[in-house]
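S.K.: Questions regarding the structure given below will be posed in turn.
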Amino acid sequence: MARPLSAIAREIRADWKKVNYAAVPYLDAMASLESIKDPYYLDSGSSVVAYFLANANSWRGEKAREIKKELKAMLKAEYAS
């Protein structure tokens, strides 16, 4: 079972000290979602995660690699279903 997106967002904020301005709205949205299947206003949770990943290139390090891998796996599972 995948972790809640809100828990992942908290972990990202704890590790990424200067969040890229372009990633902030998507990180904020992830903080209010439990699942990648949840809607966020007119967007899907999966699109929020995809846009976050597209804007998180400047976040680096071991924790960043782990979490990005986890989010990509969630997206892959969502698109496969």
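S.K.: Counting only heavy atoms of protein chains, what accessible area per residue, in Å², does the chain have with a probe of 1.4 Å?
M.R.: Normalised by residue count, the accessible surface of the chain is 63 Å².
S.K.: Quick check: at a probe of 1.4 Å, how many percent of the accessible area of the chain sits on carbon and sulfur atoms?
M.R.: Reported share for carbon and sulfur atoms: 57 percent.
S.K.: A further question follows. Using the per-residue mean of other Cβ atoms lying within 10 Å as a proxy for protection, in what order, highest first, do the peptides 63-72, 29-38, 44-53 fall?
M.R.: The most tightly packed comes first, giving 44-53, 29-38, 63-72.
S.K.: Measure nothing fancy, just the Cα-based angle from helix 5-15's long axis to the longest principal axis of the chain, in degrees from 0 to 90, nearest 10.
M.R.: Around 10 degrees separate the two axes.
S.K.: Roughly what angle does helix 62-80 make with the longest principal axis of the chain, taking Cα atoms, 0 to 90 degrees, to the nearest 10?
M.R.: Taking the Cα atoms of the chain, the angle to 62-80 is about 20 degrees.
S.K.: Can I ask one more? Tell me the mean residue ellipticity at 222 nm calculated for the chain from its helices only (DSSP H runs of n ≥ 4, each -39500 (n - 2.57), averaged over every residue, nearest 500).
M.R.: So the calculated ellipticity at 222 nm is -18500 deg cm²/dmol.
S.K.: Excluding same-chain residues fewer than 8 positions from K18, which aspartates and glutamates have a Cα within less than 17 Å of its Cα?
M.R.: Answer for K18, where 17 Å is the Cα cut-off: D28, E62, listed by chain and number.
S.K.: If you scale each eigenvalue of the Cα gyration tensor by 5 and take the root, what three semi-axes come out for the chain, rounded to whole angstrom and sorted largest first?
M.R.: 18, 14, 11
S.K.: Specify the angular offset, from 0 to 90 degrees and rounded to the nearest 10, of the alpha carbon long axis of helix 45-54 from the longest principal axis of the alpha carbons in the chain.
M.R.: 30 degrees
The values are calculated or read from the model by the stated rules, or taken from the named source; none is laboratory data. Bear in mind the structure is a predicted one, so any value in this text is a computation, not a measurement. Cβ atoms come from the backbone with ideal geometry, glycine included; neighbour counts cover every protein chain shown. Keep in mind that these areas ignore ligands, DNA and RNA; they rest on the heavy atoms of the full protein, side chains included. Shrake-Rupley method; radii C 1.70, N 1.55, O 1.52, S 1.80 Å.
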